[in-house]
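See structure below.
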Amino acid sequence: MKLKSSQRSTVEALVFLTLLILVFALLGSRMGGGNMLKTIMNTAHDLLLNTVFYLMGITVLTGALSKLMSEFGVVTLLEKFLRPLMKPLYNLPGVAALGAVMTFLSDNPAIIALSKDKTFSAYFKKYQLISLTNFGTAFGMGFVVIITMIGYGHLTGALVGLFGAFCGSIISTRLMQRSCLKAYPELDAPVQEKLAEEIRAEHLENEKKDGIFMRFLNAILDGGKNGVELGLQIIPGVLIITTAVIMITFGPGDGGVYNGTSSQGVPILPWLAEKIHWVFEWLFGFEHMELIAFPMTALGAVGASLGLLPTFDAAGILDGNAIAVFTAIGMCWSGFLSTHTAMLDSLGYRKVISKAIGAHAIAGLCAGIIAHFVFLLVSLI
């Protein structure tokens, strides 16, 4: 018997209120109601001042740099170098290299603008075009992630993580293509009947009339503005998601006392992780179960997961191996649960959403595992 719309709304409201009360009751019983509320506010405030503005500074600088790279042809040059790798590694046309570069310099949705361009999509078969969601997501916000990780003094770990994310992108794209063809053989057809006669990348610009100085100035200002917008977009994720994760990851303050300061909570997540700690120790090399909070947060928003780094660093549990694994998983997943559905819906392929998510979940785990073992190998050299 199906519930009416009004009845369904009432049931949902009651279930939500019940769960909300249970969560706050659990945290409040351990921390104290007043301390719990003070910790939530202080944690959000601390994240805003010490994490969001730090990340915004990075996004402004990287935004300006990426715009300069596009303005003066570096992006075009990178695409030409990467084109020969597309077919053997990803089973994608050479022009797909542009998608990797653009998402690496910006964020996941950048691939959608390219996918909807008729000149760009003309080189793809349908299953290849769909797999661009997995391909592009594996590089989303990569520049910001890499620069942030290097900022903690672990260059080697960040580069190893980049390699892991690269491996994850291949796994995700190939799995997505294979599952789509197996379930929907009709997708093995060109997106358009007539392919473009000449390869023309979407980002080719019109003849420029401004001088070098004005182009440089406009590029850094426009790129910096885009960086500010990206920095603003990550605020809700960092403040809401990261605060929630911190509240179920870390314990009391000094002396085992709750006093309402930031980054305190009830260590529910580490307690659960300890039940299968050998899995995380062997696959990722995590000696501290609190570290599992990063990949779990990256599922929804990589910007929010980056907000955990200062707390990990202050606790003294952030090392080169963790940076490598975080970089690989952070880049490869980069909030795919919150973007994959919207991206595939905008392309008109809702029916393959579950396949895309499944393939990318496997690829992200593989990226982290590869990064861990490569880092161990590099450490021995």
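Data table
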{"read-out": "The chain - charge dipole about Cα centre, Lys and Arg +1 at Cβ, Asp and Glu -1, debye rounded to 20", "value": "1120 debye"}
{"read-out": "Shape box of region 219-346 [Cα atoms, principal axes, largest first, Å]", "value": "50, 34, 29"}
{"read-out": "With 5 Å bins from 0: P(r) over region 267-331, alpha-carbon pairs, percent", "value": "4, 18, 31, 29, 17, 2"}
{"read-out": "Top positive-direction residue, dipole computed over region 249-381 with Cβ charges, set A363, N259, A293", "value": "A363"}
{"read-out": "Sites A315 and F16 - FRET efficiency at Förster radius 35 Å, r taken between beta-carbons, to 0.05", "value": "0.60"}
{"read-out": "Net length gained if the chain between L221 and F72 were fully extended (0.36 nm per residue, minus Cα distance)", "value": "52.2 nm"}
{"read-out": "L37 paired with R350, simple spin-label distance in nm, labels 7 Å along Cα-to-beta-carbon", "value": "4.2 nm"}
{"read-out": "Using a Förster distance of 56 Å, the FRET efficiency for L181-V257 (Cβ separation, nearest 0.05)", "value": "0.45"}
{"read-out": "Helical segments meeting 30 Å axial Cα length and Kyte-Doolittle 0.5 threshold in the chain (DSSP H)", "value": "5-31, 155-183, 353-380"}
{"read-out": "Inter-label distance, nm, simple model (7 Å from Cα along the C-beta direction), W271/L82", "value": "4.5 nm"}
{"read-out": "Listed values (i) 77, 65, 34; (ii) 78, 62, 34; (iii) 69, 62, 45, entry calculated as Cα extents along the principal axes in Å", "value": "(iii)"}
{"read-out": "Cα→Cβ-extended label distance, 7 Å offset, between S6 and V279, nm", "value": "4.5 nm"}
{"read-out": "Order by protection proxy (mean Cβ within 10 Å, highest first), peptides 100-106, 257-263", "value": "100-106, 257-263"}
{"read-out": "Residue among P185, P236, P93 with the largest mean-square fluctuation in a Gaussian network model of the chain, springs linking Cα atoms under 10 Å", "value": "P185"}
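Rule-based calculations on the coordinates, nothing more; no lab input. None of the values given here were measured: they were computed from a predicted structure. All Cβ positions, glycine included, derive from the backbone under ideal geometry; neighbour counts span all protein chains shown.
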